[in-house]
Amino acid sequence: MEVKKQMALKKIPTKASEEFRNFPMVPRVVYGKGSFNTLGDILMSKRKHSEAPMIYLVDDVFENTELIDRIPSIFCDQIILISAEEEPKTEQVDALVKMIVEKYTELPSGIIGIGGGTLLDLAKAVAIMLTNKGSASEYQGWDLVNKQSIYHVGIPTISGTGAEVSRTTVLMGPEKKLGINSDFTTFDQVLLDPELTKGVPKDQWFYTGMDCYIHCIESLNGTFLNAFSQSYGEKSLALCKEVFLEDIPESESREKLMMASWHGGMSIAYSQVGVAHAMSYGLGYVLGVKHGIGNCLVFQYLEEFYPEGVMIFNKMLKRHEIVLPKGICANLTTSEMNTMISVAISMAPLWENALGENWKSIITPEKLEAIYRKI
Ligand code: NAD
Ligand code: ZN
């Protein structure tokens, strides 16, 4: 009798997607210093035949470095060097896909992204668009991809975004900056070799590392938090604190930040990011400010939402003598400011995670403008 009563009270979801997300994880991962040398063997078993190449999309910061010589390029494989100066665009994805389709008679055996979030996202998007018709911009959103992507591998060379583990690829499109969120986006294989992050300039190390730190703060302080997200978020946050606040040897620091990135990405997979990310999207869309630094620029002024997180962030800034640029929004026109605000406000799930269902009563355009004007 008692049991029946309970069953009637609890809403039982009928579809997995209604209440529980059934999301994919990276099925295979190699970890360790020097593990890049295993790439040739890993790819060999995935080669369809000699006419179906492996296409390596590599950050052009590695041009003329020994990493290029270590890429296991054989048969008709191609290494394409790409600048990470600007964040990936849908038209860039379309152009890469067109080039690959025109050059080869067969679809590639695999796409391998080697670089930071920019190159990882490009590799994910190209792998999807080689099997799905039309432009990448048609798939920006949630679960719009219908067909299995080409086998794709992610090899991060800078740590923090969590792009190596996420089910999205964030692209700037003609109308919006939005991810292709799908079950086919996630990498089939990830290779985590901390030695690859050796040459990262200090400022960039900090900005991309803070992306991870901010993922943790926004996930752990969000209303969507659950034990799954919390378990990854807490581990990632602890690693970030070791890396950015303690004296640890550089090689250990590289290893820990690489794993912090992984856990931070896992944490937001089952929750959401928050205020800094929503506002950073606005900065990125209107001014082309990159994700990592954009998050930092916003986060420093979010003590109202994340008091302890901002206090620790300021400690980290000081400890590493990072000086954030100022006056970024000083010369914005009213129309640009309005676009920035509307891009930020359109990120409803992020606001709901940060502030709960009634977020619209807390976040007004005036409030966002006041924060943007400080940046
Ligand atoms: P990035 O890929 O933009 O690279 C930043 C800079 O670091 C570039 O100049 C690059 O050349 C340089 N760099 C990278 N590795 C280096 C190395 N080993 N040595 C020297 N220089 C190196 O940086 P990021 O912060 O990792 O990525 C930002 C991108 O990631 C944005 O486009 C953002 O939208 C995306 N992102 C995606 C997700 C996701 O889940 N898909 C999550 C967060 C961010
Ligand atoms: Zn982020």
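Bear in mind that the values in this text are calculations on the coordinates, not laboratory data. These figures come from a predicted structure and were not determined experimentally. Because the Cβ atoms are built from the backbone with ideal geometry, glycine has one as well, and the counts that use them run over all protein chains shown.
Structural descriptor for the stretch 35-192: relative contact order 24 percent, calculated from alpha carbon pairs under 8 angstrom and at least 6 residues apart. By DSSP, what percent of the beta bridges with both residues in the chain are antiparallel, rounded to the nearest 5? The answer is about 10 percent antiparallel. For the set K176/K374; K241/K290; K124/K177; K124/K241, the pairs lying more than 20 angstrom apart at their alpha carbons are K176/K374; K241/K290; K124/K241.
The calculated FRET efficiency for T65 paired with E303, based on their beta-carbon distance and R0 = 41 Å, is about 0.50. In this Cβ point-charge picture (+1 for Lys and Arg, -1 for Asp and Glu), the chain has a dipole of about 900 debye about its Cα centre. The dipole here belongs to the stretch 202-372: it is taken about the Cα centre, uses +1 on the Cβ of Lys and Arg and -1 on the Cβ of Asp and Glu, and is about 180 debye. Relative contact order, whole percent, for the chain stands at 14, derived from Cα pairs under 8 Å and 6 or more residues apart.
Antiparallel beta bridges, as assigned by DSSP with both residues in the stretch 35-192, represent about 15 percent of the total such bridges. Database remark: amide H of L192 closer than 5 angstrom to the amide H of V30, Y31, G32 (H placed geometrically; neighbours at sequence offset of 5 or more, or on other chains; Pro and chain starts carry no H). Annotation: amide H of G141 within the under-5 Å range of G179, I180, N181, sequence separation 5 or more or interchain, hydrogens built in the peptide plane. Comparing Cα centroids, the stretch 159-206 and the stretch 89-156 end up 14 angstrom apart. The packing ranking, built from the mean of other Cβ atoms within 10 Å per residue, places the peptides 246-254, 104-112 in the order 104-112, 246-254, highest first. Highest mean packing comes first when the peptides 180-191, 91-102 are listed by Cβ atoms within 10 Å, giving 180-191, 91-102.
A cut-off of 5 Å between modelled amide H atoms, ignoring neighbours fewer than 5 places along the same chain, links H152 with I111, D188, Q189. Mean sequence separation of contacting Cα pairs (under 8 Å, at least six apart), scaled by the length of the stretch 202-372, corresponds to a relative contact order of 28 percent. The angle between the Cα long axis of helix 227-245 and the longest principal axis of the Cα atoms of the chain comes to about 80 degrees, rounded to the nearest 10. If you run the Gaussian network model on the chain, springs between alpha carbon atoms under 10 Å, then out of M347, M311, M337 the most flexible one is M311. Per-peptide packing, taken as the mean over residues of other Cβ atoms within 10 Å, places 208-215, 145-152 in the sequence 208-215, 145-152 from highest down. With θ taken as phi - 60° and the Karplus curve 6.51 cos²θ - 1.76 cosθ + 1.60 applied, the whole-hertz 3J(HN,Hα) list for the stretch 335-341 is 5, 5, 4, 5, 5, 4, 5 Hz, x standing for glycine and proline. How many times 2.2 N^0.38 Å is the alpha carbon radius of gyration of the stretch 146-248? It is 1.20. Dividing the C-alpha radius of gyration of the chain by 2.2 N^0.38 Å, with N its residue count, gives 1.00.
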